[in-house]
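The next block holds one structure in the form of structure tokens; read it before the comments.
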Amino acid sequence: MSDPEGTVLEKDPPPAKEPGGFGGRRRFWSARRVPAGLAALLILLITGAFLYDVVAVRAHRAASGWRRELARQLAERPLDDIWVLTGAGVAAALGLWLLLLALTPGLRALLPMRPTDPDVRAGLYRDAAALVLRDRALEVAGVRSVRVRVKRTRADVRAVSHFRELDDVRADLTAVLDDAVEGLGLARPPSLSLRVRRPGRKGR
């Protein structure tokens, strides 16, 4: 379940201790219903068509033209034929895609938070984390505008200052944002990448 602030809570059994002491820092796994549903539907249609034609042949009816043509093509075409290679490439790519979906967590927009309860896993959406950092950065004197992008391991902050020395603004922003990042409660706090500039100029 989730709340308006972008935090997700998920009932979960106590996580097993993972190598390297990362128990509780596991990423959330996506259900991936759409890819799984599409793959299942495609397999169902293909196998259904073959099964129907096989049953029709067993009932003393002529095999479908498409199956006879497919059998002829498979029997006559050499392995180095362009269509054979293309079909094999498409099948291999599809298999690798499904394997990648099966072995990777997904839900890249959801960052795991530090566990505070063994029965609850909490996560924070990247957009919500970026909004928190942006609001904190705008509280610093001299900051005119801020753009924040939160990634898995880094928070990119681009600020525009219209008065005060840039070094002073940068120092205040660093202190405020370091505190804000820690206050997010993330299991793996992102490192801070900060740039401050004047309006219309490239910053450092």
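Derivation of every value follows stated rules applied to the coordinates shown; laboratory data play no part. Small disclaimer: the values here were computed from a predicted structure and weren't measured. Here the Cβ is made from the backbone with ideal geometry for all residues, glycine too, and neighbour counts use every protein chain on show.
Quick check: residue separation of Arg198 and Arg164 times 0.36 nm, minus the Cα distance between them. What number comes out in nm? Before the final figure, lay out each step's value.
Details: separation 34, 0.36 × 34 = 12.24 nm, distance 1.01 nm.
Extending this stretch completely gives an extra 11.2 nm.
Exposure proxy check: Val160, Val55, Val84, Val196 ranked by fewest other beta carbons within 10 Å? The partial results should precede the final answer.
On the way: Val160 19, Val55 10, Val84 14, Val196 26.
Placing the least packed residue first, the sequence is Val55, Val84, Val160, Val196.
Based on DSSP H assignment, which helices of the chain show an axial Cα extent of at least 27 Å together with a mean Kyte-Doolittle hydropathy greater than or equal to 0.0?
On the way: long enough: 33-58 (36 Å, 1.67); 82-103 (31 Å, 2.21).
Those that clear 27 Å and a mean of 0.0 are 33-58, 82-103.
State the label only: which of (1) 1, 7, 13, 15, 15, 14, 11, 9, 6, 4, 2, 1, 1, 0, 0; (2) 1, 6, 10, 11, 10, 9, 8, 7, 7, 6, 7, 6, 4, 3, 2, 1, 0, 0; (3) 1, 8, 17, 20, 21, 16, 10, 5, 2, 1, 0, 0 corresponds to P(r) over Cα pairs in 5 Å bins from 0, in percent computed from the shown model?
Computing P(r) over Cα pairs in 5 Å bins from 0, in percent and matching it to (1) 1, 7, 13, 15, 15, 14, 11, 9, 6, 4, 2, 1, 1, 0, 0; (2) 1, 6, 10, 11, 10, 9, 8, 7, 7, 6, 7, 6, 4, 3, 2, 1, 0, 0; (3) 1, 8, 17, 20, 21, 16, 10, 5, 2, 1, 0, 0 gives (2).
Taking the beta-carbon count within 10 Å as an exposure proxy, list Phe163, Phe50 from fewest neighbours to most.
Numbers: Phe163 10, Phe50 13.
Least to most surrounded, the residues fall as Phe163, Phe50.
Projected onto the charge dipole of the range 33-103 (+1 at Lys/Arg Cβ, -1 at Asp/Glu Cβ, origin at the Cα centre), which of Ser64, Leu94, Ala75 gives the Cα projection farthest towards the positive end?
Ser64
Mean residue ellipticity at 222 nm from the helices of the chain, using -39,500 (n - 2.57) per DSSP H segment of n ≥ 4 over the full residue count, to the nearest 500 deg cm²/dmol? Spell out each step's value before the answer.
Numbers: 5 runs with 91 residues, N = 204.
Rounded to the nearest 500, the figure is -15000 deg cm²/dmol.
With +1 on each Lys and Arg Cβ and -1 on each Asp and Glu Cβ, how big is the dipole of the chain about its Cα centre, in debye rounded to the nearest 20?
Values: 35 positive and 23 negative charges, 119 e Å.
Here the size comes out at about 580 debye.
Placing +1 at every Lys and Arg Cβ and -1 at every Asp and Glu Cβ, with all other atoms neutral, what dipole size does the range 96-204 have around its Cα centre, in debye to the nearest 20?
Working: 22 positive and 13 negative charges, 158 e Å.
Computed charge dipole of the range 96-204: roughly 760 debye.
GNM on the chain, C-alpha springs below 10 Å: top fluctuator among Leu103, Leu173, Leu133?
Among Leu103, Leu173, Leu133, the largest mean-square fluctuation in the Gaussian network model of the chain belongs to Leu103.
What is the fewest-to-most order of Tyr52, Tyr125 by other Cβ atoms lying within 10 Å of their Cβ?
Listing Tyr52, Tyr125 from fewest to most nearby Cβ atoms yields Tyr52, Tyr125.
In the range 124-184, which GluC sites (Glu not before Pro) are in a loop and have at most 14 other Cβ atoms within 10 Å, using DSSP for the loop call?
Answer in residue order: Glu139, Glu165.
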